[in-house]
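The block underneath contains the structure these notes are about, expressed in structure tokens.
Derivation of every value follows stated rules applied to the coordinates shown; laboratory data play no part. As the structure is a computational prediction, the values presented were derived from the model and not from experiment. Positions of Cβ are backbone-derived with ideal geometry, glycine not excepted, and every protein chain shown enters the neighbour counts.
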Amino acid sequence: MNVSVSGLTFSYGRRRVLDDVSFEAGGGELLCVLGPNGVGKSTLFGCILGLLAPSGGGVLVDGTPVEKIPPRELARKLAFVPQSHAPTFNYTVFDMVLMGTTARVGGISSPGAEQTRVAADSIERVGISHLAERGYMRISGGERQLTLIARALAQQADVIIMDEPTANLDYGNQLRVLKCVKDLVRRGLTVIQSTHNPDHAFIFADRVLALYGGRVAAFGEPASVISEELISSLYGVRVLIRRGENGLPRCEPIV
Amino acid sequence: MTGGRGGREGARERESGARRRFTLTVVCLFALVILGILLSLTLGRYPMSPGQILQALRERFLDAAGGLLNRLFGTRLPQAGSGGALTEQMLAIFFNVRLPRVLLACLVGCCLSAAGASYQGVFQNPMASPDILGASSGAAVGAALAILLELDARMVMLFAFGASLLTIAVVMLVSGTARGNKLLRIVLAGIMISSLCNAGTSFIKLVADPNNILPEITYWLMGSLAKARPENLSFAVVPMAIGLAPLILLRWRLNILTLSDDEARTMGVNVGLVRAAVIVCATLVTAASVSVSGLVGWVGLVVPHLARRLVGSNYRHLMPASMLTGALFLLIVDNVSRNLLLTEIPLGILTAVVGAPFFIWLITRKRDTI
């Protein structure tokens with residue numbers, strides 16, 4: 001399973017948000033998309049998921065243009081984890097996850113025993129079996145994010161796209177969610193996720209795509225791509241990149 | 001790993017537990033509806049015993065079929081209780097007035113609740129009710145016009161039904177050309193068009209003859225099943241069945257529609273198509289209900305929330321539970337409407353009197369920790 005983006009250009013009216021973005025992801029890796037707010041990370045994901053029609057270039061999923069794939073088939077290849085949000089109704093965590101299996105259920109039927117098993121497995125894989133019958137409204141932000149990840153797993157897609165899975169989470173929950181994502185990648189899933197935090201990219205990412213001004217500022221392994229210059233041009237702040245006790249590089253802000 | 005497996009088994013056990021609870025709830029509700037129907041049939045100005053009712057029903061419906069069965073398979077159908085036969089006059093009352101009224105109360109309650117639950121889902125709004133798009137206001141202006149023109153009861157029903165569907169067609173047309181958030185503009189178009197309809201109804205009331213026409217319009221607007229006859233039942237049951245079937249079949253997909261559009265699409269659901277189908281069907285059953293009952297508020301808003309308390313938010317369970325609860329609710333309210341006082345109390349007044357405090361209780365009650 002492979003997602004290939006080539007020459008992708010997208011404009012909202014006159015404002016060009018993405019300009020000639022090209023990269024590939026696949027084969028069980030964790031790709032981090034880095035960039036400041038409003039740089040077009042969500043727009044990029046919208047284009048990959050076929051929700052937005054690009055004005056130039058295109059996205060291939062396993063060699064097929066994404067707009068040519070029917071929604072149900074696409075849902076079996078690509079899953080999406082939105083930022084955690086409060087739903088209108090208080091579904092149980094189990095029902096929320098079970099909804100992920102919809103792409104594998106006939107148009108007018110409900111999930112059966114097989115889908116129930118898949119949902120239970122997905123919940124177990126992210127380690128929240130104890131929450132299965134709790135209401136989604138009554139759990140913490142980190143638990144919600146894990147529920148949405150379990151829902152994406154229940155979709156049984158090979159590629160999962162996550163829009164800032166650690167946004168609005170406290171420090172511990174951020175690391176728990178990222179560890180869970182890293183585990184999934186180790187078992188063969190491909191994950192494309194956006195993040196603000198370069199340290200997360202150092203620790204967890206296999207490759208990094210840095211976006212700036214709608215263009216690809218850098219693409220490659222985190223250690224070779226993330227530099228003090230890159231951070232300063234992306235975020236407008238100065239940092240020192242040092243190797244920590246654990247041998248991984250990390251950013252130290254200069255204040 | 002073993003611990004994890006235990007967790008998975010546990011999750012599956014809990015899941016089947018939830019299903020057992022749902023099955024039990026639905027069986028209980030269904031039994032209550034049947035019991036309620038039988039009990040309601042005995043109530044009225046001419047009390048009839050359950051034995052008499054069963055006997056009357058058996059004579060009318062089972063004798064033809066039962067006789068055939070007896071002859072074909074040699075079965076012996078049980079005899080009805082020892083109530084003594086009903087007079088001709090009571091039989092006429094029973095079949096032409098009481099039976100259609102009781103059945104319509106169930107059907108209207110069932111449809112308004114199903115429509116309310118559906119609208120709440122597609123508009124992602126727990127405050128949505130069947131009249132959110134103006135189906136009721138449209139029906140009202142149609143019925144008022146028919147009454148003004150002194151058409152017969154049958155035409156009043158047809159006018160109400162037609163005007164209701166027409167109103168929603170206009171709402172969808174207007175919202176299709178408007179800009180901005182799709183859900184918001186449908187709801188806004190609904191508010192606009194129903195306020196236009198209300199203006200029309202007010203104008204008709206203004207010009208109507210205050211001695212005989214105006215009271216009739218006013219009475220229709222308050223909602224009542226007093227004029228329910230077999231022909232109303234046979235008219236309404238067709239669009240109701242046509243509308244309810246897809247709502248039942250699409251009930252799992254309704255869950256996905258309560259999420260954001262982008263989420264729903266990435267989960268493989270054709271959002272536009274499913275949403276349009278649900279709106280059309282919910283409107284159809286609302287129009288059919290309102291055309292025979294007049295304006296009956298609150299049912300479509302309160303009952304889905306009550307059903308959520310009983311079986312949870314999952315539409316797979318919520319839809320059948322809402323339909324049964326709604327049937328039971330309106331059946332009970334209609335019994336009060338026709339039996340409490342010597343004169344009928346309009347349904348709309350009672351549903352508001354019962355519904356509003358009930359809703360306050362629902363929203364202030366300490367939430368269950370499910």
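Measuring nothing but how far apart in sequence close Cα pairs (under 8 Å, 6+ apart) lie, relative to its length, the range B:90-191 scores a relative contact order of 22 percent.
Which residues does a label at A:Asp183 reach in the range A:155-176, if reach means a backbone N under 12 Å from a point 7 Å past the Cα toward the Cβ? Within reach of a label on A:Asp183: A:176. Modelled spin labels at B:Arg229 and B:Ile349, positioned 7 Å past Cα toward Cβ, are 2.5 nm from each other.
Across the range A:216-224, coupling constants 3J(HN,Hα) worked out from phi with the 6.51/-1.76/1.60 Karplus curve, θ = phi - 60°, read 6, 8, 6, 8, x, 5, x, 5, 8 Hz, and Gly and Pro carry x. Sequence-distant contacts, meaning Cα pairs under 8 Å at least 6 residues apart, place the relative contact order of the range A:123-173 at 39 percent. In this structure, the amide hydrogen of A:Val33, modeled 1.01 Å from its nitrogen in the peptide plane, lies closer than 5 angstrom to those of A:Gln193, A:Ser194, A:Thr195, A:Leu209, counting only residues at least 5 positions away or on a different chain. Taken about its Cα centre, the range A:2-253 carries a charge dipole of about 280 debye when Lys and Arg each add +1 at the Cβ and Asp and Glu each add -1 at the Cβ. Near A:Glu67, once Lys and Arg are set to +1 and Asp and Glu to -1 for all other residues with Cβ below 13 Å from its Cβ, the sum equals +1. A simple charge model with +1 on the Cβ of Lys and Arg, -1 on the Cβ of Asp and Glu and nothing else charged puts the dipole of the range A:159-255 at about 200 debye relative to its Cα centre.
Could you tell me the calculated FRET efficiency between B:Thr87 and B:Met127, based on Cβ-Cβ distance and R0 = 60 angstrom, to the nearest 0.05? Walk me through the intermediate numbers first.
On the way: r = 50 Å, r/R0 = 0.83.
Once the sixth-power term is evaluated, E becomes 0.75.
Comparing mean-square fluctuations of B:Asn211, B:Asn270, B:Asn198 from a GNM of chain B with C-alpha springs under 10 Å, the top value falls on B:Asn211.
Most tightly packed first, judged by the mean number of other beta-carbon atoms within 10 Å of their residues, the peptides A:116-127, A:169-180 read A:116-127, A:169-180. Loop-located chymotrypsin sites (Phe, Trp or Tyr not before Pro) in the range B:281-370 (DSSP state not H, G, I, E or B) with no more than 15 neighbouring Cβ atoms inside 10 Å do not occur. Given the options A:Val208, A:Val17, A:Val181, which has the most mean-square fluctuation in a GNM of chain A, springs set between C-alpha atoms less than 10 angstrom apart? The residue that fluctuates most here is A:Val17. Amide H to amide H distances under 5 Å link A:Tyr212 with A:Ala217, where only residues 5 or more positions off or on other chains count and H is placed in the peptide plane.
Sorted largest first, the spans of the alpha carbon positions of the protein assembly as shown along the three principal axes are 98, 61, 46 Å.
So which trypsin sites (Lys or Arg not before Pro) in the range B:113-191 pass both tests, a DSSP loop state and at most 10 other Cβ atoms within 10 Å of the Cβ? List each step's numbers first, then the result.
Values: sites: B:Arg154, B:Arg179, B:Lys182, B:Arg185; in loops: B:Arg179.
Hits after loop and neighbour filter: B:Arg179.
Placing unit charges on each Cβ (+1 for Lys and Arg, -1 for Asp and Glu) gives the range B:107-364 a dipole about its Cα centre, and among B:Ser322, B:Met240, B:Ser260 the Cα reaching farthest toward its positive end belongs to B:Ser260.
Taking other C-beta atoms within 10 angstrom as a stand-in for reagent exposure, B:Met157, B:Met172 fall in the order B:Met172, B:Met157, fewest first. When you filter the trypsin sites (Lys or Arg not before Pro) in the range A:5-60 for DSSP loop state and at most 12 other Cβ atoms inside 10 Å of their Cβ, you are left with A:Arg14. The label-point distance for B:Arg309 and B:Leu206, in a model that sets each label 7 Å from Cα toward Cβ, rounds to 4.3 nm. Once you have a ≥ b ≥ c as the square roots of the Cα gyration tensor eigenvalues for chain B, tell me rounded if a/c is under 1.5, and otherwise prolate or oblate according to whether a/b is larger than b/c. Oblate, since a/c reaches 1.5 and b/c is not below a/b. Per residue, the protein assembly as shown reaches -18500 deg cm²/dmol at 222 nm when only DSSP H runs of four or more residues are counted, each adding -39500 (n - 2.57). Membrane-span-like helices of chain B, defined as complete DSSP H segments with a Cα extent of 27 Å or more along the helix axis and a mean Kyte hydropathy of at least -0.5, are identified as B:2-42, B:99-122, B:153-177, B:182-207, B:230-249, B:271-293, B:315-339. Picking from A:Gly40, A:Val59, A:Gly188, whose Cα lies most toward the positive end of the charge dipole for the range A:2-253 (charges on Cβ: Lys, Arg +1; Asp, Glu -1)? The one lying farthest along the dipole's positive direction is A:Gly40.
Is the range A:2-253 best put as rounded, prolate or oblate by its Cα gyration tensor, with a ≥ b ≥ c the root eigenvalues, rounded for a/c under 1.5, and otherwise prolate when a/b is larger than b/c, oblate when not? List each step's numbers first, then the result.
On the way: a/c = 1.92, a/b = 1.29, b/c = 1.49.
In terms of gyration-tensor shape, oblate.
Take the Cβ-Cβ distance between B:Leu340 and B:Ala169 as r, set R0 to 35 Å, and report the resulting FRET efficiency rounded to the nearest 0.05.
Working: r = 39 Å, r/R0 = 1.12.
Calculated value: 0.35.
Considering only the other residues whose Cβ falls under 12 Å of the Cβ of B:Leu250, what net charge follows from Lys and Arg at +1 and Asp and Glu at -1?
Details: positive: B:Arg251, B:Arg253, B:Arg275, B:Arg316; negative: none.
Charge balance in the 12 Å sphere: +4.
The angle separating the long axis of helix A:171-186 from the principal Cα axis of greatest extent in chain A is about 80 degrees.
Tell me, what is the FRET efficiency for B:Ala178 and A:Thr88 to the nearest 0.05, using R0 = 22 angstrom and their Cβ-Cβ distance as r? In this case the efficiency is close to 0.45. With the charge dipole of chain B set up from +1 on Lys and Arg Cβ and -1 on Asp and Glu Cβ about the Cα centre, the Cα lying farthest toward the positive end among the listed residues B:Asn198, B:Leu107, B:Met155 is that of B:Leu107. The mean sequence separation of alpha-carbon pairs under 8 Å and at least six residues apart, normalised by the residue count of chain B, gives a relative contact order of 26 percent.
May I ask what percent, to the nearest 5, of DSSP beta bridges between residues of the protein assembly as shown are antiparallel? Intermediate results must be reported in sequence, preceding the final value.
On the way: 26 of 43 bridges.
Roughly 60 percent of the beta bridges in the protein assembly as shown run antiparallel, per DSSP.
Comparing A:Gly213, A:Gly35, A:Gly244 in a Gaussian network model of chain A, where Cα atoms under 10 Å apart are tied by springs, the biggest mean-square fluctuation is seen for A:Gly244. Quick check on the range B:96-189: take the gyration tensor over C-alpha atoms, sort the square-rooted eigenvalues as a ≥ b ≥ c, and tell me if it's rounded (a/c under 1.5), prolate or oblate. Taking the square roots of the gyration eigenvalues as a ≥ b ≥ c, the range B:96-189 is oblate. Between the range A:179-245 and the range A:91-138, the alpha-carbon centres lie 32 Å apart.
The mean number of Cβ atoms from other chains found within 10 Å of a Cβ in peptide A:69-78 is 3, as a whole number.
Compute, for chain B, the length of the dipole vector about the Cα centre, with Cβ point charges of +1 (Lys, Arg) and -1 (Asp, Glu) only. Units Debye, rounded to 20. Write down the numbers at each step before the final one.
Numbers: 32 positive and 18 negative charges, 269 e Å.
Here chain B has a charge dipole of around 1300 debye.
Electrostatic tally near A:Ser11: other residues with Cβ closer than 15 Å to its Cβ, Lys and Arg +1, Asp and Glu -1, net +2. Fully extending the segment from B:Asp152 to B:Arg58 would add 30.6 nm, taking 0.36 nm per residue of separation and subtracting the current Cα-Cα distance.
Among the lysines in the protein assembly as shown, how many pairs, 8 or more places apart or on different chains, have alpha carbons under 21 Å apart?
5
Taking every residue in A:114-122, how many Cβ atoms of other protein chains lie within 10 Å of its Cβ, on average?
Taking all residues of A:114-122 together, the mean is 3.
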